[in-house]
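Working notes, structure below.
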Amino acid sequence: MSYENHRYVVMTVDPVHVGTGGMRLGRVDLSIVREPGTNLPKIPGTALHGAIRSYAAYRYGKPRCAGLGQPREGREGHCGRPTCPICYTFGYVRGEDTAQAHSGVVTITDARILLFPVYSMVGPVWVTSLSILENFGIEGQSLRDEGKARWPENLTREGHLNLGWLMVEKDGTLNVSELNFPAGIPQQVRDRIVLISDKLFTQVVNSNLEVRTSVSIDPERGAAEEGALFTYEAIPRATFLWLDVIVDDHRGEFPNKGALERWKGCLQGTDDEAKKELLKRWRLWSEREEDTAKWEEAIGKAQSWVREEKTEENGQEKWRWDTKAMQGVEQTPVGIVSAGLAWAQDLGIGGMGTRGFGRLRKIAEVAQ
Ligand SMILES: [Zn+2]
C-alpha cells in the first residue's frame, strides 16, 4: 500500500490570514490568497506544508529540518538523511544547490472552504454551496431558484433570512441528515447550515471576511510608525475547511523505530553483504570503491546518521520517536503530518517561511 489519500476537516480558531504578499487595490491593504476562477479565499497547500513541516520537525527534535532548508544565519539546513522522518516525509533541499533537492512522499492540497459562518437574524449560520458539497463528496442536493436558499426546518419559521447584509428567500427545506458530514462537525453547526448557489456563495463569503486594522511597528523605536495603519483580510473564526493529504510512499522505507533498529543492527553486525546493500541504497558507497578506508568511512557515516535519530531526555538516551513530544504519534508519513497539524492548533499556521497567522484545529478525518 503505497498510495493513500487522507481527507481532513479543519476549523479556524482565530481569523486566519495567509497573504498574497502584494498589495491589492481596493478594500484592504493586505489581501488573502484566493482561488482563481471562483475567487474564493483558501489556505494554500504550500503554506500548510511549511507550517506542518516546521511543527513536526520541532516535535521530533530536529529544528534544522524545519523551514526552507537553505543554510543561512548559522542554520545548518535540512539533514536530508534517509534516517530522518521529517526529510523523508516532506522532502529536502541541501545547501544552495537545489540539484540536491529531494521531493517528499506527501502532498498537501489547498484547504478549501466547506462551511462559512455568517451572522443572521437568528444568530450565526454556516453557508455552503452546491459545488462545494459536490467537491467534498456530498451529492444529490439542489436549488430550484439560484437566487434563493435552503435551510433546516427548525432554523426559522420565516420565509426569508439575512446572510450578513444580503436578504434571501427560502427555496425549500434542507434535510441536514442527508448531508453526510463527518462526525467531528458539531450538531449545532449542522442544524444551522444554509445552502445557496455558487454565485451567491462567492458574494456572501467575500463580503463577510474579517477586515482588521493593524499598525506597523518601527523595529528600532518599538513604537508605531507614523501613518503606518494598514488593513488586512482574514478568513473568520469558526470557518470549516477541508484538505487532502496524499501519501505516495514509493520507496517504502519510512524510518520508523523498527527500521532504525534494523539498520543499527545491520551496521553493527557481521553480514557484509547486507551492509553493502544498505550503504549503496544510502549512496554512501559504490562497488568501485573497494578500498577499506572508504568502506570504514561509509560505515562510520551511516552509523552517525542512525545515531542522529537518538536524543537525550531526562539524562536518558532514547530514540527521538520515544520522546515525550512524540507520544501517540503514528510512525508513518501521515502520522508525521498529523503531528505537525496538531501543533498548528495551538501555534497557528504562521512561522518560518510562511506568510500568515491564525490557528487551525483538526475536526475530523474523513474515510476515503
Ligand atoms: Zn532531516
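Taken together, the values in this text are just the output of simple stated rules run on the coordinates, not laboratory data. All values derive from a computational prediction rather than experimental measurement. All Cβ positions, even for glycine, are placed from backbone atoms using ideal geometry, and neighbour counts span all protein chains on display.
Among all the lysines, which ones have a C-alpha under 27 Å from residue 62's C-alpha, if same-chain residues fewer than 8 places away are not counted?
257, 264, 275, 280, 301, 310, 318, 324, 362
Taking 0.36 nm per residue of sequence separation and subtracting the Cα-Cα distance, how much length would be gained by fully extending the chain between residue 319 and residue 207, in nm to one decimal?
Between residue 319 and residue 207, full extension yields 35.3 nm more.
Quick one: 49, 250, fewest Cβ neighbours within 10 Å first, how do they rank?
Going from least to most buried by this count: 250, 49.
Given bins 5 angstrom wide, list per bin the percent of all Cα-Cα distances in the range 256-308, short to long.
Binned Cα distances yield the sequence 4, 21, 35, 26, 9, 3, 1.
Relative to the longest principal Cα axis of the chain, at what angle does helix 333-347 sit, 0 to 90 degrees, rounded to 10?
60 degrees
Out of residues 5 or more away from residue 348 or on other chains, whose amide H comes under 5 Å of its own, with H placed 1.01 Å from N in the peptide plane?
Under 5 Å from the amide H of residue 348: 360.
Determine, from the Cβ-Cβ distance of residue 303 and residue 365 and an R0 of 41 Å, the FRET efficiency 1/(1 + (r/R0)^6), rounded to the nearest 0.05.
Once the sixth-power term is evaluated, E becomes 0.65.
Over the range 256-308, what relative contact order in percent results from Cα pairs under 8 Å that are six or more residues apart?
Worked out over the range 256-308, it gives 37 percent.
Given C-alpha coordinates of the range 280-338, what is the ratio Rg to Rh with the Kirkwood estimate of Rh?
1.16
Express the relative contact order of the chain as a whole percentage, based on alpha carbon pairs under 8 Å and six or more residues apart in sequence.
Once divided by the residue count of the chain, the mean separation gives 30 percent.
Per DSSP H run of at least 4 residues, take -39500 (n - 2.57); add these up for the chain, divide by its residues and hand me the 222 nm value, nearest 500 deg cm²/dmol.
Roughly -7500 deg cm²/dmol at 222 nm, from the helical runs in the chain.
Going by how many other Cβ atoms sit within 10 Å of their own, how do 84, 65 line up, fewest first?
In increasing order of surrounding Cβ atoms, one gets 84, 65.
Under Stokes-Einstein, with the Kirkwood radius over Cα pairs standing in for Rh, what whole-number D in µm²/s applies to the chain at 10 °C and 1.306 mPa s?
Value of D from the Cα-based Kirkwood radius: 68 µm²/s.
What order do you get for 210, 297 when you list them from fewest to most C-beta neighbours inside 10 Å?
Fewest to most other Cβ atoms nearby, the residues stand as 297, 210.
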